[in-house]
1. Would you mind telling me which numbered condition in (1) of a type outside the set (Phe, Trp, Tyr); (2) at positive phi; (3) buried (at least 24 other Cβ atoms within 10 Å of the Cβ) B:Gly137 fails?
2. Would you pick out the residues in the range B:98-123 that are among the β-branched types (Val, Ile, Thr) and in contact (Cβ under 8 Å) with a residue 60 or more places away in the chain?
3. Looking at the structure I just gave you, is B:Ile230 in contact (Cβ under 8 Å) with a residue 24 or more places away in the chain and within 21 Å of B:Ile90 (Cα to Cα)?
4. Looking at the range B:244-257 only, could you name the residues that are open to solvent by 10 Å² or more (accessible area, probe 1.4 Å) and either closer than 22 Å to B:Glu88 by Cα or in contact with a Phe, Trp or Tyr (Cβ under 7 Å, 6 or more places away or on another chain) (or both)?
5. Suppose the filter is of a type outside the set (S, T, N, Q) and free of Cβ contacts under 8 Å to residues at least 60 places away in the same chain; does B:Val313 pass it?
6. Please tell me if B:Thr30 is crowded, with 17+ Cβ neighbours inside 10 Å and among the hydroxyl-bearing types (Ser, Thr, Tyr).
7. Mind checking which pairs have a first residue in the range A:60-84 that is within 7 Å of another protein chain (Cβ to nearest Cβ) and more than 18 Å from B:Glu216 (Cβ to Cβ) and a second that is assigned to a loop (DSSP other than H, G, I, E, B) and open to solvent by less than 40 Å² (accessible area, probe 1.4 Å), Cβ under 6 Å, 6 or more apart or different chains?
8. Out of everything in the range B:51-67 that is more than 20 Å from the chain's Cα centre (by Cα) and facing chain A (nearest Cβ under 10 Å), what residue ends up being farthest from A:Ser94 (Cα to Cα)?
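The values are calculated or read from the model by the stated rules, or taken from the named source; none is laboratory data. No experiment lies behind these values; they were computed from the predicted model shown. Cβ placement follows ideal geometry from the backbone for every residue including glycine, while neighbour counts extend to all protein chains displayed. Only protein heavy atoms, including side chains, enter the accessible area calculation; ligands, DNA and RNA are left aside. Shrake-Rupley method; radii C 1.70, N 1.55, O 1.52, S 1.80 Å.
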Amino acid sequence: MKNIVNVTRRQFIKIAGMAAGATLYTWNFTKMSFAAANDYIMQRQESVYVQDTKMKFRRSQDNPSVKALYAKYLHEPNSHMAHQLLHTEYTDRSPLLMVLKAKGMKLKV
Amino acid sequence: MRKIENVQTSMNAPSWGEYENAFFVQVDQTKCEGCGECESQCPTGAIQCIDGDDGPRTVVNPAACVNCGQCLINCPYGAIYEGVSFVEEIFSALKDPDKVVVSMPAPAVRYGLAEAFGHPTGTYSGGKMFAALKKLGFDHIWDNQWTADVTIMEEGSELLGRLTGKVKKPLPQFTSCCPGWIKFVETFYPELIPNLSTCKSPVGMLGTLCKTYGAEIIHTEPKKIYTVSIMPCIAKKFEGLRPEIADSGYRDIDATITTRELAYMIKKAGIDFNSLPDVEPDTELGESTGAATIFGCSGGVMEAALRFAYEAVSGQALESVDIKAVRSRNGVKEATIPVPKFGDLNVCVVSGLFNTIPILEEIKKGKSRYHFIEVMTCPGGCVNGGGQPLLPDVREASLFKHIVARINRRFNMRKAV
């Protein structure tokens with residue numbers, strides 16, 4: 001009975017380990033290919049581009065309600081009024097970061 | 001704490017301007033298993049171990065966090081919670097007869113919302129979304145896609161100004177729609193702030209226009225109008241609290257919720273979403289084009305801007321409005337678009353903030369050949385935003401990665417001994 005599979009204990013552990021590794025690798029590989037075929041982010045993106053082709057107008061400058069906004073209210077893109085209402089300024093937030101770095105916090109950037 | 005579409009959410013609604021110290025996402029220490037998936041997803045390194053490099057993670061300081069929520073949607077244990085929610089405030093505003101509540105849903109919301117009601121991933125549900133907003137009691141159904149079109153007019157014109165030298169600002173111009181990206185530049189690359197388009201994001205524009213142009217159209221005092229920004233995004237909550245978003249003379253964005261929170265509100269109000277009819281938004285501040293709906297994808301803002309800029313520069317119509325060269329699933333995509341009367345327009349589309357770093361370093365050295373760069377924080381763009389319904393395979397996939405990581409860690413520990 002003992003010699004049906006003629007391997008030493010050490011060899012058995014090696015073979016079992018390799019088999020387990022191969023199984024894990026295959027499982028992972030199958031899962032990856034499944035995920036690639038079933039790419040959820042891609043599905044959402046594709047839905048967006050399908051909807052784009054169904055719209056009456058495809059270009060922003062053709063939107064009648066946008067034309068009305070400029071005709072009645074803002075006059076033209078980047079006008080003084082447009083700048084007042086639709087543009088902004090940004091804040092340098094690096095001082096807060098410097099405080100963190102001074103405390104020894106390690107970041108990726 | 002409340003469970004909103006499988007995400008623990010704190011009902012903390014900070015007052016306007018109180019955003020610098022707020023944790024928009026944080027780790028529940030009692031649930032964290034220390035697998036490190038969040039740390040690998042985080043573009044800045046804000047989420048990490050408090051001691052050593054093993055054990056529970058935490059968002060150490062909000063100053064380093066761009067609030068994108070990629071950690072949250074990728075956590076295999078549901079251990080990360082949202083720290084800010086305006087859901088209760090909106091429910092009371094909807095009941096208040098003195099408030100005129102208006103909706104501002106982002107393009108990507110309508111490609112994620114239906115998933116919370118059992119539909120397949122990516123199902124378009126724009127019509128039902130507007131119907132649901134009406135049923136919830138919104139007084140005017142205005143749409144953020146309308147200002148996505150306005151953004152193209154403003155940002156496209158700004159780009160033309162920079163290209164011709166009329167606008168005294170440097171090239172390349174960066175897009176400015178993504179709030180995670182804006183905070184990233186402000187914090188980590190402040191020297192490149194001049195490269196950011198000065199345009200507000202579409203919802204920043206709509207908030208202002210609701211209380212100025214919109215108020216005139218509906219003959220209502222601006223102070224009565226309550227604007228609700230509905231986003232696939234957690235970082236938009238930070239944007240809504242910015243004190244400078246007040247060009248109407250009032251607070252432009254009164255409340256911000258995610259796609260998940262909208263789904264929660266629809267369910268809580270007892271609305272049968274699937275049997276709703278398809279409804280259109282109110283025309284004046286709601287009509288939109290294909291260029292607006294693609295804002296939700298990485299490459300979408302670029303394509304929309306090119307549909308405008310190409311014709312504005314060359315005076316010629318595009319052969320086809322489909323500019324597939326700039327559509328991007330993930331990472332970096334660059335393209336050169338020959339524009340008559342200008343020459344070659346070099347553009348670049350990036351999603352995943354980590355991918356911007358080599359490009360930004362090049363710009364700092366003055367070596368960049370690009371004219372226009374679109375950046376979105378979330379891989380693939382807003383459709384994969386931190387505020388979208390959780391994707392069905394994400395938790396499982398991360399769990400698998402976690403098992404492999406655990407084996408590796410054990411192996412390494414043994415080697416060390």
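1. Evaluating B:Gly137 over (1) of a type outside the set (Phe, Trp, Tyr); (2) at positive phi; (3) buried (at least 24 other Cβ atoms within 10 Å of the Cβ) leaves (3) as the failure.
2. Step one: filter the range B:98-123 for residues among the β-branched types (Val, Ile, Thr), giving B:100-102, B:109, B:121, B:123.
Scanning the range B:98-123 gives B:Val100, B:Val101, B:Val102, B:Val109, B:Thr121.
3. Working: in contact (Cβ under 8 Å) with a residue 24 or more places away in the chain: yes; within 21 Å of B:Ile90 (Cα to Cα): yes.
Criteria met by B:Ile230.
4. Selection gives B:Tyr250, B:Arg251, B:Asp254.
5. no
6. Judged against the criteria, B:Thr30 is not a match.
7. A:Ser60/B:Thr289; A:Asn63/B:Thr289
8. B:Val60
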